[in-house]
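Below you'll find the structure, written out as structure tokens, and then a few comments.
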């Protein structure tokens, strides 16, 4: 599918800012949708209905903090479910026939590994439940109105510019103190670098997908929190000459899953996408960006 105009919700967020930069490099005209860039709140239909028609919608906006989802589920459900409903209705009314929706890990406690897209979806927190509900709305609009939607279930995305709500920036931001305090060391996660995620989003947008399709976006390899923190610590010492001590409480958080690793064969075959950045390169790029930003 070829297109020249696209709307991006959450355009100023972590992934959104990387995506908009990539699309502009490709000469795509972008209508940014966010509270900060266009003062548009996607939970308000009165605001959404006035967004001009586009060729493609990239729907990235949403609340992603799992801890916050337990503390304030109403806020999370309104943003992630109602916001998605409004954007789907905007697509319907403006005959926008292609949407790429960024979802998350909705599989819950794995029944088998690696996890493919056919694994039962059994969320363990309000955040992932809200994303699954939004997926179901997307499927309903595909069925009832002919919208084509690619659902990208992102595993653990990381890279420059990510908020310290997530483990890798949380580790890095503690380095200057010389001491890093973390929770459980044993949970394993499938980490995927943000540039690879952006490539998957673009690949989904130009694909000839019809109807409703779900894709895992991950690396296909899992690493423990301890392995990630140790690698970052080694890279930090190499770059700065400073040593860091790392301590773990080894207390699991509510809803924590012990291991997540994705089967990404479907993404490779249908989207012609595969991750190009290995974990050490990605961690180095992330750390280097932080050091460059905070030097002096």
Answer residue from segment 219-256, given it is within 19 Å of the chain's Cα centre (by Cα) and either assigned to a strand (DSSP E or B) or at positive phi (or both) and is modelled with the lowest pLDDT among those
255
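State all residues of segment 93-110 that are loosely packed, with under 15 Cβ neighbours inside 10 Å and part of a loop (DSSP other than H, G, I, E, B); if no residue qualifies, say none. Walk me through how you get there before you give the answer.
Step one: filter segment 93-110 for residues loosely packed, with under 15 Cβ neighbours inside 10 Å, giving 93, 95, 109.
Correct list: 95, 109.
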So residue 121 clears everything in (1) touching a helix residue (DSSP H, G or I) at 6+ places or on another chain (Cβ under 6 Å); (2) more than 26 Å from residue 198 (Cβ to Cβ) except one condition, right? Which one?
(2)
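Within segment 265-296, which residues are part of a loop (DSSP other than H, G, I, E, B), at negative phi and either touching a strand residue (DSSP E or B) at 6+ places or on another chain (Cβ under 9 Å) or at pLDDT 95 or above (or both)?
Let us first name the residues in segment 265-296 that are part of a loop (DSSP other than H, G, I, E, B), namely 271-278, 295-296.
Subsequent filtering for residues that are at negative phi retains 271, 273-278, 295.
Across segment 265-296, the qualifying residues are 271, 273, 274, 275, 276, 277, 278.
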Kindly list the number of the only condition in (1) touching a strand residue (DSSP E or B) at 6+ places or on another chain (Cβ under 9 Å); (2) more than 19 Å from residue 149 (Cβ to Cβ) that fails for residue 18.
(1)
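The values are calculated or read from the model by the stated rules, or taken from the named source; none is laboratory data. Quick caveat, the model's predicted, so the values are computed rather than measured. All Cβ positions, glycine included, derive from the backbone under ideal geometry; neighbour counts span all protein chains shown.
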